[in-house]
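The values are calculated or read from the model by the stated rules, or taken from the named source; none is laboratory data. Remember, predicted model here, so these are calculated numbers, not experimental data. Every residue, glycine as well, gets a Cβ built from its backbone with ideal geometry; the counts of neighbours run over all protein chains shown. Protein only, heavy atoms only, side chains kept; ligands, DNA and RNA dropped before computing areas. Shrake-Rupley method; radii C 1.70, N 1.55, O 1.52, S 1.80 Å.
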Amino acid sequence: MGQVWTGWSILDGRWMHRFAPDLAPLRCARPVVFHYCRDRDAWVTVQGMKDFELYQQILGLVEPWRVESVTLKTQEREIEVRVGFADTLWGCPQCQQRMQIHDYEERRWRHLDSCQFQTIIVSRVPSVRCPEHGSQTVAVPWAEKYARFSRLFERLAIDVMLECSITGACSILGMSWDEADGIKQRAVKRGLARKVPAVMARLCVDEKGMGRGQNYLTIVAQVTEQQTTVEYVGEERNQASLDAFWEALTTEQLAGVEAVAMDMWEPYVRSTRAHLPGAASKIVHDPFHLVKYMNEAVNEVRKGEHRRLQAQGDDTLKRTRQLWLYGMENVPAKHAQRFDEVKELNLQTSRAWAIKEVFRSFWLCPGAKPAERYFGKWYGWAIRSRLAPVKKVARMCKAHLSNILTFFVHRLTNGPIEGLNNKIQGLIKKAFGYRNKERFKSDIFFHLGGLDLYPAQ
Ligand SMILES: [Zn+2]
């Protein structure tokens, strides 16, 4: 130790720099005294911190844990923080009874990077031998049991994975696919375990294909003003798929359900009627699903007509599939003229389209009574259309009319259901389809479950 220098540091509790006496201070906070010696590497602060004290603070370590050394491995681009512990009695993780250390095991955890360096915590983890619970590993404050990452790193990884694909997260964070997936699966498990049964007034039930083959899942989501969260995912799309959801609810939860939006899919209707008290007035066949049927009918009419026209060398309907599926107000400007021309032609497809458009306005009726009258007129028109696919949908709607009219009581709007549908579609796209059902399920919960995913602090 040689000459004493007084300098400025940025030791404001967040970071520190060591200043050579000839370097201008980066930021002024409070004065600190430096000792100087000839060996540059031996700079030590007196009122400031040493490397390991800095990490001690960053990691938030308290007795008996302490940082023993910090090693910069330039070649590996790694900082190794070695954590040790003082002699103490350790609590059994099961019964908290305090006892002597029995053994230890050296372990490594990845922590948040320090600038461009991966930061690894290395420590011996004590284990105790509890007379009642046998050999038990003591919990470390920076990570969860069995984890290979610190809590803070897991938090970051979860945030990144919520924003991008797992492959993207791997390249940003410099980790393997299995490691990223491990963090994700643990997060979902943690989130589901933390869920407490709550009353869910508005629900929607939907089926979802996995994007490969005819493999389906049944999804139940809760719709609130703020958000739509997936509450349940079941295998297949039969009655048992939904039964399991209802059967897991408490009596209070069942009593608290006010409305359930769903497709006119008989297994779901049967399951709901069997389990939900007052289901008859609570089931709502929502506009999103019904208009989908009408769109399919229009498309079928178009396909048939296009085939017939083409046989006569008429290409009028070529490349018009998407045009007929737009709502009248949503036809993009670049297609507007073409669409105007083609829909004015005396085509079966334009008739089917007009019936669909009038059906869409049904939901604008001010209440159940006027809606019933509106439906009656529309139904008459649809049934006389001589368009088999349209007639089929009209009959189906008539058979379910009482649960279509419930819309005017509950007003479950399209937005959340359609939004959820699009988000799940987005997950499938991002994963290029799912081969594995369990992975699809956990991705739905991870992204759309509204779960508390983070490790406890
Ligand atoms: Zn014990």
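Just one of (1) under 41 Å from the mean Cα position of the chain (by Cα); (2) outside any helix (DSSP H, G or I) fails for Asp315. It is (1). Ala86 fulfils the conditions (1) within 13 Å of the ligand (Cβ to nearest atom); (2) in contact (Cβ under 8 Å) with a residue 12 or more places away in the chain except for a single criterion, (1).
Annotation note: of Gln3, Gln57, Gln100, the sole residue that is surrounded by 11 or more Cβ atoms within 10 Å (Cβ to Cβ), of a type outside the set (Phe, Trp, Tyr) and either over 42 Å from the mean Cα position of the chain (by Cα) or at pLDDT below 50 (or both) is Gln100.
Filter the range 400-428 for residues that are of a type outside the set (S, T, N, Q), open to solvent by 40 Å² or more (accessible area, probe 1.4 Å) and without any contact (Cβ under 8 Å) to a residue 24 or more places away in the chain; which is nearest to Val220 (Cα to Cα)? Per the criteria, the residue is Gly415.
Taking the criterion of being polar (S, T, N, Q), assigned to a loop (DSSP other than H, G, I, E, B) and within 24 Å of the chain's Cα centre (by Cα), the only residue of the range 227-267 that qualifies is Gln227. Within the range 183-201, being touching a strand residue (DSSP E or B) at 6+ places or on another chain (Cβ under 9 Å) and either at pLDDT 95 or above or part of a helix (DSSP H, G or I) (or both) holds for Ile183, Met200, Ala201.
Note on the range 128-156: among residues that are small (Gly, Ala, Ser) and touching a helix residue (DSSP H, G or I) at 6+ places or on another chain (Cβ under 9 Å), the one that is surrounded by the fewest Cβ atoms within 10 Å (Cβ to Cβ) is Ala147. Checked against (1) touching an Asp or Glu at 6+ places or on another chain (Cβ under 7 Å); (2) within 21 Å of Gly380 (Cα to Cα); (3) of a type outside the set (D, E, K, R), His289 passes all but condition (2). Residue count for the range 186-210 under the criterion of being under 18 Å from the mean Cα position of the chain (by Cα), in contact (Cβ under 8 Å) with a residue 12 or more places away in the chain and open to solvent by 60 Å² or more (accessible area, probe 1.4 Å): the result is 4.
What pairs come up if the first residue lies in the range 121-132 and is closer than 24 Å to Gln56 by Cβ, the second is more than 16 Å from the ligand (Cβ to nearest atom) and among the hydroxyl-bearing types (Ser, Thr, Tyr), and their beta carbons are under 8 Å apart, counting only those six or more places apart or on different chains? Cβ pairs passing all conditions: Ile121/Ser150; Arg124/Tyr104; Val125/Tyr104; Pro126/Tyr104; Ser127/Tyr104.
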